[in-house]
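What follows is one structure encoded as structure tokens, with my remarks underneath.
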Amino acid sequence: MIELPSELESYRSQLEDSEKDFIKITTEKVEKSSPTESKIGGYPFLPKGFAYPKDKDGTPLEFLAQINFLDVPQNDIYPKNGIIQFFISFDDLYGADLDYETLQEGYRVIYHENIEKEVETNFDFLDSLRENGLSPLSHKNILKMSFQKASEYVSATDYQFENYFGKSIYDFFEKFEEEDEMVEFYYENIDKSGHKLGGYANFTQDDPRAFSETLNKDYELLFQLDSNEDVEDICWGDVGIGNFFIKREDLINRKFSKVIFTWDCG
């Protein structure tokens with residue numbers, strides 16, 4: 001049971017009602033990785049003959065990360081096998097569509113159900129693009145992922161905060177005499193940012209699901225990749241957060257063509 005300041009104790013039930021399971025992702029730097037490993041950076045699993053994803057102008061995309069579901073603890077949400085991959089552009093928006101369209105023209109989410117295939121090993125073109133293109137990753141690093149089941153309470157910036165506390169975080173904490181201290185406590189002790197599958201999304205600004213008709217409240221967090229500049233050399237713009245969202249029905253049916261990618265920074 002989390003210890004709360006006396007000012008927040010009367011809201012314990014709302015907080016505990018918001019508890020949700022997610023998959024926590026931790027990383028370690030490695031020199032090499034196999035094609036099918038769960039990782040951030042490096043080179044992707046790519047079956048021979050499978051076209052490398054490109055943007056609408058024909059430029060290959062940056063390989064951001066991939067998750068082999070065999071590495072993920074048993075759960076009732078995600079596929080039990082196969083690899084999901086996340087690709088983004090090398091431009092100044094990393095390929096994000098500010099209208100939150102599902103076209104995936106500047107980014108791509110690909111799911112390989114069958115990974116028992118001969119793989120591509122030549123990625124010289126990617127090395128060349130990485131020399132000059134913009135990316136949240138440092139290409140000297142390959143980060144191997146590990147996964148652990150965990151639970152969390154609603155994050156301060158997820159639109160669902162208002163569902164449990166009746167007000168947005170900005171309005172909710174205004175009632176406290178020590179407003180700044182209460183906000184700081186929530187961010188430091190309750191908010192769980194970082195890399196994750198599922199759970200509550202984190203933002204450096206506002207949750208776009210609260211006001212976008214396209215990226216609406218039917219979308220839930222699929223994958224979050226946070227900035228960690230000091231340890232992992234990951235940095236979205238000015239220490240931001242990258243998020244991929246999917247509708248629950250599409251996740252159940254293993255359809256990833258309408259996943260929406262967003263990122264923001266302070």
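Quick note: the coordinates plus some simple rules give every number you see, no bench work behind them. Because the structure is a prediction, the values reported are computed rather than measured. Positions of Cβ are backbone-derived with ideal geometry, glycine not excepted, and every protein chain shown enters the neighbour counts.
Within the chain, the ratio Rg/Rh, alpha carbon atoms throughout and Rh by Kirkwood, equals 0.98.
How would the range 184-225 be classified by its alpha-carbon gyration tensor: rounded, prolate or oblate, with rounded meaning a/c under 1.5 and the a/b versus b/c comparison settling the rest? Judged from the Cα gyration tensor, the range 184-225 comes out oblate (a/c at least 1.5, b/c at or above a/b). The H on the amide N of residue 120, modeled in the peptide plane, is under 5 Å from the matching H of 46, 48, each at least 5 residues off or on a different chain. Whole-percent P(r), the range 1-125, all Cα pairs, 5 Å bins from 0: 2, 9, 15, 17, 15, 13, 9, 7, 6, 4, 3, 1, 0.
Across the range 150-155, rounded Karplus estimates of 3J(HN,Hα) from the backbone phi angles (6.51 cos²θ - 1.76 cosθ + 1.60, θ = phi - 60°) give 8, 9, 8, 9, 4, 6 Hz, Gly and Pro being marked x. Restricting the calculation to Cα atoms, the range 190-256 yields a radius of gyration followed by a Dmax of 12.9, 38 Å.
Karplus-derived 3J(HN,Hα) values for the range 134-143, using 6.51 cos²θ - 1.76 cosθ + 1.60 with θ = phi - 60°, are 7, 7, x, 9, 9, 7, 7, 10, 10, 10 Hz; glycine and proline are entered as x.
Given R0 = 35 Å, the distance between the Cβ atoms of residue 181 and residue 32 translates into a calculated FRET efficiency of 0.15. Remark on residue 220: its backbone amide H falls under 5 Å from those of 246, 247, 248, a criterion applied only to residues 5 or more positions apart or on other chains, H modelled at 1.01 Å from N.
Karplus-based coupling profile of the range 255-266, in residue order and whole Hz: 10, 10, 6, 10, 5, 10, 10, 9, 8, 8, 8, x, with θ = phi - 60° in 6.51 cos²θ - 1.76 cosθ + 1.60 and x standing for Gly or Pro.
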